[in-house]
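Q: The following block contains the structure, expressed as structure tokens.
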Amino acid sequence: MDEYTSHWNKVYANANPENTGWYQETAEPSLELIASCNLDKNATILNVGTGASTMINDLLQLGYSDVLVNDISKEALSTLKRSILSNNLSNIQFIEDDITEPLAMLNIPKVDLWHDRAVLHFFLEKEQQDAYFNLLKSKVKVGGFVIIAEFHKSGVLKCSGLELCRYDAESIQEKLGDDFKLVKDFQYTYINPSGGERPYIYTLFQRKK
């Protein structure tokens, strides 16, 4: 996956996060779904492919104290780290790793919430998708939650110059399997910084007890 590492390092080394096509001033749809999970403030929350997401600061401000952030790009994680107030850094674990060929991610504890906005849709090969879901299934606790938000099947075919595999709730459910129950799903049209409309599918699943 060296080409992905190189791609995303260049993106975050050369662009202001606020000018990227996926920047959110506030991650409102995700935060609403997280609130509906009624997690304890000490719950373990994992955000995969975090980039420089503003949601991490939002989670810290809401009082969550055990946040894991993962990205393939060290530049993305460095950018994110600079945006976090120093007194909150102890509440975050930064993990540079490729979740389709995981190493460090294999050693993280089981999590109460797996959150992914706009990561899964970049994995085109079945082997990549299988590795993603195998990691997810090995790390989400029984009774834990999964939020997956990707480009909807009605959306564009590329993002950041890369081809996409688009989804709907049914195709995500198929990948997760019968151990996960769909709690909620909705379509959401994100307006990117340049004014483009990007249809997403947001899904919330819970691992069956």
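We did not get these values from a lab; they are worked out from the coordinates using the rules stated. Keep in mind the model is a prediction, meaning the values are calculated, not measured. Note: ideal-geometry Cβ built from the backbone for every residue, glycine included; neighbour counts use all protein chains shown.
Q: Ranked by Cβ crowding within 10 angstrom, fewest neighbours first, how are 50, 26 ordered?
A: Working: 50 25, 26 11.
The most exposed by this proxy come first: 26, 50.
Q: Among 112-123, 147-158, what's the highest-first ranking by average C-beta atoms within 10 angstrom per residue?
A: Details: 112-123: 23.1, 147-158: 18.5.
Packing proxy ranking, top to bottom: 112-123, 147-158.
Q: Still on this structure: Short version: ³J(HN,Hα) in whole Hz for each residue of segment 81-86, in order, from phi by Karplus 6.51 cos²θ - 1.76 cosθ + 1.60 (θ = phi - 60°), x for Gly and Pro, what are they?
A: 4, 5, 8, 8, 4, 4
Q: For segment 83-127, what is the largest minus smallest coordinate of the Cα atoms on each principal axis, given in angstrom and ordered from greatest to least?
A: 41, 22, 20
Q: For Cα pairs less than 8 Å apart in space and 6+ apart in sequence, what is the mean separation divided by the residue count of segment 38-173, i.e. the relative contact order in percent?
A: On the way: 208 pairs, mean separation 30.8, N = 136.
With pairs under 8 Å counted, the relative contact order is 23 percent.
Q: What fraction of the DSSP beta bridges in segment 91-209 is antiparallel, stated in percent and rounded to the nearest 5?
A: Working: 20 of 27 bridges.
Of those bridges, close to 75 percent are antiparallel.
Q: Positive end of the charge dipole of the chain (Lys, Arg +1 and Asp, Glu -1 on Cβ, about the Cα centre): tell me which of 155, 87, 63 has its Cα farthest that way.
A: 63
Q: Related question: Between their Cα atoms, which of 141/209; 126/181; 41/208; 10/158; 81/184 are more than 20 Å away from each other? Don't skip to the end; give the middle numbers.
A: Numbers: 141/209 9 Å; 126/181 23 Å; 41/208 22 Å; 10/158 18 Å; 81/184 31 Å.
As for pairs spanning more than 20 Å Cα to Cα, those are 126/181; 41/208; 81/184.
Q: Then there is this: 5 Å is the cut-off here: which amide hydrogens, built 1.01 Å from N in the peptide plane, fall below it relative to residue 123, excluding neighbours closer than 5 in sequence?
A: Amide H neighbours of residue 123: 165.
Q: Now for a different question. Just the Kirkwood number for segment 1-95, please: inverse of mean 1/r across all distinct Cα pairs, in Å, one decimal.
A: Numbers: mean 1/r = 0.0722 Å⁻¹.
Evaluated on segment 1-95, it is 13.9 Å.
Q: Sort 183, 11, 69 so that the residue with the fewest other Cβ atoms within 10 Å of its own Cβ comes first and the one with the most comes last. Kindly include the intermediate steps, with their values, before the conclusion.
A: Numbers: 183 15, 11 18, 69 26.
So the residues, fewest neighbours to most, are 183, 11, 69.
Q: OK, next. To the nearest whole percent, what portion of all C-alpha pairs in segment 48-154 is separated by more than 25 angstrom?
A: Details: 1021 of 5671 pairs.
When every Cα pair of segment 48-154 is considered, 18 percent fall beyond 25 Å.
Q: Please list, ordered by chain and number, the residues whose modelled amide H lies under 5 Å from the amide H of residue 140; skip anything fewer than 5 residues away on the same chain.
A: When sequence neighbours closer than 5 places are left aside, the close amide H contacts are 111.
Q: Please report the antiparallel percentage of the DSSP beta bridges confined to segment 2-207, to the nearest 5. Write out the running numbers ahead of the final one.
A: Working: 20 of 40 bridges.
Once the DSSP bridges in segment 2-207 are tallied, antiparallel ones form about 50 percent.
Q: Let me ask another. Assign unit charges at the C-beta atoms only (+1 for Lys and Arg, -1 for Asp and Glu), then state the dipole size of the chain relative to its Cα centre in Debye, rounded to the nearest 20.
A: On the way: 21 positive and 29 negative charges, 94 e Å.
Around 440 debye, computed over the chain.
Q: Quick query: amide H of residue 190 versus all other amide H atoms, modeled in the peptide plane; which residues come in under 5 Å with a sequence gap of 5 or more or a different chain?
A: Hits under the 5 Å cutoff: 198, 200.
Q: Can you work out ³J(HN,Hα) from phi for every residue in segment 124-140, in order, using Karplus 6.51 cos²θ - 1.76 cosθ + 1.60 and θ = phi - 60°, giving whole Hz and x for Gly and Pro?
A: Computed from phi, the couplings for segment 124-140 are 8, 8, 4, 4, 5, 5, 4, 5, 4, 6, 5, 5, 4, 5, 7, 10, 8 Hz.
Q: In Å, what Kirkwood hydrodynamic radius results for the chain from the alpha-carbon pair distances? Don't jump to the answer; show the numbers that get you there.
A: Values: mean 1/r = 0.0583 Å⁻¹.
Radius from the Kirkwood sum: 17.2 Å.
Q: Given a Förster distance of 30 angstrom, what is the FRET efficiency for residue 89 paired with residue 4, based on the Cβ-Cβ distance and rounded to 0.05? Intermediate values should be presented prior to the final figure.
A: Values: r = 27 Å, r/R0 = 0.88.
That pair, residue 89 with residue 4, gives E of 0.70.
Q: Which order, highest average first, do 28-40, 52-64 follow once you tally other Cβ atoms within 10 Å for each residue and take the mean per peptide? Let's see the in-between values first.
A: Values: 28-40: 15.3, 52-64: 18.8.
Result, highest mean Cβ count within 10 Å first: 52-64, 28-40.
Q: Quick check on the exposure proxy: order 45, 84 from fewest to most C-beta atoms within 10 angstrom. Can you show the working numbers first?
A: Working: 45 23, 84 17.
Lowest count first: 84, 45.
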